[in-house]
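These notes concern the structure reproduced below.
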Amino acid sequence: MLSSSTRLGVLGWPVAHSRSPAIHNAALREVGLSGWRYQLLPVPAELLAETVPALPAAGFRGVNVTIPHKQAALALAEQASVRARAIGAANTLIFDDDGTIQAENTDAPALIDALPAAIAGATALVLGAGGSARAVIWALRDAGAREVRVWNRTPERARRLAEELGATAVEHAAPADLLVNCTSVGLDGCSATFEQLPVCAEALGGYGCVVDLVYSDGGTELVAAAQARGVPVVDGLQLLVGQGALSFELFTGQTAPVAQMRAAAAVR
């Protein structure tokens, strides 16, 4: 049986913007795990390898992992799911009682669950080539997408990732059934989104759905521009709650109270 005093957290750099503590602490209260708490864990890349193995002894049952640690987190795990291995990145680490580190990726199923229509046979453009992009590309390919294109500001990174996961690297954006932003553009709330991405606001009408993994109060500029053109959207908070709910169940063994997690995500 797990200790009545148990810690969870989210590893990232930066991570102060994360709403995961509010979401998970609301869920812990709802299911009656009063001795549990979820916290921010700001850890720079150079300290990740020594920090993660020390967490179980500090009372941690598990952690979520965000930018820029998802690929490195997988490498630190002794055990990993088939999905996490195939993606090459982990956003969830679970610590067994003996300290063994298990890796999972809940980003991929959360994305597919959130899409308004089936992706089988469709085309997609993925912006970015980091850990989140890896999960998105793998998820879309696994769900039967006909073609997944990958763009990155560094073309060589897009080419390497595309080769690994069976996608197509591109240097320019073109209309597709789905557009997914996996870059950090918009994370700081600035209004320069379309200066940093290969698609302009006017071109968003060429996409059947726009997904932005970034979240901010009132929605990102990308999401707002898509909505203004009548394009269905999936925003970062929806995805954060979706992957968080799956992680919560891995951490606690209890059904995630999704309604309470969504309500907590909306409060800032």
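Take the residues in region 224-257 that are β-branched (Val, Ile, Thr) and buried (at least 20 other Cβ atoms within 10 Å of the Cβ), then tell me which one is farthest from residue 206 (Cα to Cα). By that ranking, first place goes to 252. The residues listed here are 108, 124, 118; of these, the one that is among the small types (Gly, Ala, Ser), at pLDDT 95 or above, crowded, with 19+ Cβ neighbours inside 10 Å and not in a helix (DSSP H, G or I) is 124. When 162, 167 are checked against the criterion of being in contact (Cβ under 8 Å) with a residue 40 or more places away in the chain, in contact with a strand residue (DSSP E or B) (Cβ under 9 Å, 6 or more places away or on another chain) and assigned by TED's automatic domain parsing to the domain that holds residue 210, 167 stands alone in meeting it. Taking residue 142, is it of a type in the set (Asp, Glu), at pLDDT 95 or above and within 25 Å of residue 248 (Cα to Cα)? Judged against the criteria, residue 142 is a match. Residues that are more than 15 Å from the chain's Cα centre (by Cα), assigned to a loop (DSSP other than H, G, I, E, B) and among the small types (Gly, Ala, Ser) within region 11-33 comprise 16, 32, listed in sequence order.
If you go through region 230-256 and keep only what is within 28 Å of residue 97 (Cβ to Cβ) and over 19 Å from the mean Cα position of the chain (by Cα), you end up with 252, 253, 254, 255. If you go through region 218-268 and keep only what is in contact with a strand residue (DSSP E or B) (Cβ under 9 Å, 6 or more places away or on another chain), hydroxyl-bearing (Ser, Thr, Tyr) and closer than 20 Å to residue 31 by Cβ, you end up with 247, 252. Exactly one residue among 89, 162 is over 17 Å from the mean Cα position of the chain (by Cα) and over 21 Å from residue 233 (Cα atoms), and that residue is 162. Out of (1) surrounded by fewer than 24 Cβ atoms within 10 Å (Cβ to Cβ); (2) among the small types (Gly, Ala, Ser); (3) farther than 26 Å from residue 247 by Cα, the odd one out for residue 144 is which? Every listed condition holds for residue 144 apart from (3). For region 85-105, the condition holds for no residue, the condition being that it is of a type in the set (Lys, Arg) and touching a helix residue (DSSP H, G or I) at 6+ places or on another chain (Cβ under 7 Å).
The values are calculated or read from the model by the stated rules, or taken from the named source; none is laboratory data. Small disclaimer: the values here were computed from a predicted structure and weren't measured. Don't worry about glycine lacking a Cβ; one is built from the backbone with ideal geometry, like all the others, and counts go over all protein chains shown.
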